[in-house]
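I have placed the structure first, in the form of structure tokens, so that the comments after it can refer back to it.
Taken together, the values in this text are just the output of simple stated rules run on the coordinates, not laboratory data. Keep in mind that this is a model prediction, so the values were computed, not measured. Heads up, the Cβs are rebuilt from the backbone with ideal geometry, glycines too, and the neighbour counts pull from every protein chain shown.
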Amino acid sequence: MSKLPKIALIGNPNAGKSSLFNSLTGLNQKTGNFPGVTMDKLTGIWELEPNRKVEVLDLPGIYSIYPKSIDEELVINILGNPSHADYPDMAIVVADASNLKRNLLLFSQVRDLGIPTVLALNMVDVAENQGYVINSIKLARELNIEVAEINAKKGIGVNGLRLAVEKTLKNRYASNDALPLPVGDELLADITAEYGEADPYRSLLWLMEHDRMKMFSEEQRIGFDRLQEKHRFDAKSYKTSETVKRYEALSEIVERCVINLNRQWDAPPVKTMTDRLDKFFLHPVGGYLIFLGILFLMFQAVFTWAAYPMDAIDGGVAQLNDYLKEILPESALTGLLTDGLIAGIGGVLIFVPQIAFLFFFISMLEETGYMSRVMFIMDKLMRRFGLNGKSVVPLMSGVACAVPAIMSTRSIGSWKDRLITIMVTPLMSCSARLPIYTVLIALVVPEKSTLFGMFNLQGLALFGLYLLGFFMAILSAWVMKQLLQVKEKSYFIMELPTYKGPRFKHMALSIYNSVKAFVFEAGKIIVAISIVLWVLASYGPGDSLSTVEQSVRQANPTLSAPELANKVAAEKLEQSYAGHFGHFIEPVIKPLGYDWKIGIALITSFAAREVFVGTMSTIYSLGGEVDDENATIKNRMRAEINPETGKPLYDAALGFSLLIFYAFAMQCMSTLATTYRETKSWKYPAIQFLYMTTLAYLSAFVVYQLLV
Amino acid sequence: MSGTLADLKVGEQAEIIGFTDELLSLKLLEMGCLPGTVIELTHQAPFGDPIAIKVSGYTLSMRKEEAATIQVKTK
């Protein structure tokens, strides 16, 4: 494909950028209502007219080109670097007309970078409802660019925007060459001499933001620092004065182009829908109750409603396996396909309903604008523990899966708060732990018993584990806050957007993307491990496995055929590579109450904890009858006898010790890989792995020794 | 009367006259908190922190310690 002209979409968060992107390209993606949802590079093709296409790039929402958080950095790295692969031919700045002045600030900065720019005025109707009438023709003349009025949500005004873009692409309007605030000519000359010709405003951007721009080498950064010193240039005060100067100029323009109807009647400002809703959602007591109610509903959905599709998936996979085993010849390959590959894929698919439900709620809260309110009411509490109001979203998402949760920390401006959030998020009990919890709780907590005759004890135990994960997360955060003696100022200056109805198409896409990421990212590893595990459990050193059947039969001549088959399978496992590994680590895990069989499960679940249940079913040598897999595993495990005491192996002490271990241990390669990606250092995933595993080992040790 | 934004009570209005923290002032300016702008304290989170203000037609939240860097004048 030939190179298409590139258009960058830029705008404040909540200005309607993503909606416009959708109506231009027809390609949908995740959009949200709080700062920093548009993260990954999003591009789409916009057909200006038949056979004339342009590429549209959706950039994260920003308030100014000076970045304050990681997700905002991306914008200057593209717009400030003409040799960047994504450097646009022109930009469309989407502006919320009901907040024109603030939106024009960003526009004026982008235009001064030398990028031909069109202004797309969105939400003109909202501005008019508030009594502001904008003369966009006059505005276009004053700003010396093309202005198009649009309604991004309804897709109105695209034609006008198309014309404006065509004109701008053709004419390539020269930017405003004068700097908003003059600096010494020698400074600019020095930058040109050392770093090459550049637009004056762009040179200043380089000078001030070189640390955040990836295009510069260490040496060049030092050079910029030297130049700042040489010319006694103070970036902070320049940016402040520049912003004030820009606002002064823009105020005059807005004054001339906007008619304020309110002034004529001097009517009191209208109470908007958002004002009225905030009375409830930000209420000092009611606000928390509403949030708790929403959380309760979420958990109800994730644990109760999701059970039906999960059972269906579980049954479907088991049936498929049975069917395949029936029609395929009995061979190692069939075993690999059914017990290895399909069982592994089934283990991934089973989490899909829970993740989908959780992200349904989270994207709904984001879409409507409620999530910012949650951050608002939670900030003070979270700050005590070294976190931030914005940590609430990652912690909530962590209940589904830590991978997207850690990725959602990018909007947290303070590095320290962000790092702590990343480090503790995996302590939240993710959906991969749920099947382990379910199996083990069923073993050690009596099913029939209730507390005060109304609460099911098993349910309470499960809820307790989730609470435990949350409290351990904030406790660890508090400890890290004490250890990390960083004098970095975190701040919480954040827009509370107006409430909006959710756009279900966006929500559906958001859910789809999260599920897809989980299935492919985590899925790859889980399937690989399942296969490796199957191989390790099916083969052993030398010909030890081939002689097992014979020796078992000779030792137990009275056993019936199915019992014998089970006995053989169990013996084979012990002789296999997996069995040898299990025996090898038994001394280490003995103090926690675990035997070599659990050792195998621990080893295999170090890469992905969700393989625990699968491993257990392999270990306890289940035959083909897996209609109700969990129940069967439960029964097999319940029947397991501790050879030393002669009592059931899975007593309360071992059960709770295992539960605690799985609640705290870092057993997820995908999460470690994500932590590495987000922190750009192996140090943090290593620390994360060590502290969580140590915590798990010590807690499990204490629990076992207390209960045994 | 002059003071800082942190001293306001819910429902009170004031005019911004300046900032005491250079780093925060850039962010606040970018968010539309300009000297001369009239703001209204609309919400306080439980425990009085953070707060939310109405400024040039939208709602902005910030922590109390950040609000304390904004000097205001009440009528």
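Data table
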item	result
Calculated from backbone phi, Karplus (6.51, -1.76, 1.60) coupling profile of the stretch B:39-51 in Hz, x at Gly/Pro	10, 9, 6, 9, 9, 10, 6, x, 6, x, 8, x, 10
Amide N of the stretch A:339-368 lying under 14 Å from the label point, which is placed 7 angstrom from the Cα of A:W305 along Cα→Cβ	A:353-365
HN-Hα J in Hz across the stretch A:468-480 - Karplus 6.51, -1.76, 1.60, θ = phi - 60°, x for Gly and Pro	4, x, 5, 5, 5, 5, 6, 5, 4, 4, 4, 4, 5
Degrees between helix A:370-384 axis and first principal axis of chain A (Cα, 0 to 90, nearest 10)	70 degrees
Extreme residue, positive dipole direction of the protein assembly as shown, given options A:L328, A:P116, A:Q688 (C-beta unit charges)	A:P116
Under the Karplus curve 6.51 cos²θ - 1.76 cosθ + 1.60, θ = phi - 60°, whole-Hz ³J(HN,Hα) for the stretch B:65-70, x wherever Gly or Pro sits	5, 6, 4, 5, 8, 9
Alpha-carbon centroids, the stretch A:52-66 and the stretch A:271-311: separation in whole Å	33 Å
Burial ordering of A:F504, A:F299, fewest other beta-carbon atoms within 10 Å first	A:F504, A:F299
A:E640 paired with B:V38, simple spin-label distance in nm, labels 7 Å along Cα-to-beta-carbon	7.3 nm
Simple label model, 7 Å out from Cα along Cβ direction - A:H84 to A:L336, nm	4.6 nm
Radius of gyration, Dmax [chain B; alpha carbons; angstrom]	10.8, 29
Shielding score for B:37-47, defined as the mean number of other chain Cβ atoms within 10 Å	5
Fewest-first ranking of B:M62, A:M215, A:M692, using other Cβ atoms within 10 Å as the exposure measure	A:M215, A:M692, B:M62
Using alpha-carbon coordinates, inclination of helix A:577-589 to the longest axis of chain A, degrees	80 degrees
Mean-position separation - Cα centroids, the stretch B:12-75 and the stretch A:654-708, in angstrom	42 Å
Per-residue mean of C-beta atoms belonging to partner chains within 10 Å, peptide B:20-27	5
Student exercise, the stretch B:2-73 dipole from Lys, Arg, Asp, Glu Cβ charges, in Debye to nearest 20	140 debye
Span per principal axis, largest first, for the Cα atoms of the stretch A:6-171 (Å)	41, 39, 30
Rounded FRET efficiency, nearest 0.05, which uses the C-beta distance separating A:M273 from A:K230 and R0 of 56 Å	0.55
Length gained when the stretch A:K154-A:A561 is fully extended (0.36 nm per residue, less Cα-Cα span)	139.6 nm
Estimated FRET transfer efficiency when R0 is 60 angstrom, pair A:K683-A:D125 (beta carbons, to 0.05)	0.70
Förster radius 51 Å - calculated FRET efficiency between A:Q485 and A:E47, Cβ distance, rounded to 0.05	0.40
Distance between modelled label sites at A:V588 and A:L698, nm, 7 Å Cα→Cβ extension	1.8 nm
Projected area, mean over directions - the protein assembly as shown, Cα convex hull, nm²	39.8 nm²
Length-normalised contact order of chain A in % [C-alpha pairs under 8 Å, at least 6 apart]	11 percent
Degrees separating the helix A:504-517 axis from the principal Cα axis of chain A, which is the longest one	50 degrees
30 Å Cα-Cα threshold exceeded, pairs from A:K154/A:K214; A:K170/A:K230; A:K390/B:K54; A:K230/B:K64; A:K524/A:K683; A:K167/A:K516	A:K154/A:K214; A:K170/A:K230; A:K230/B:K64; A:K167/A:K516
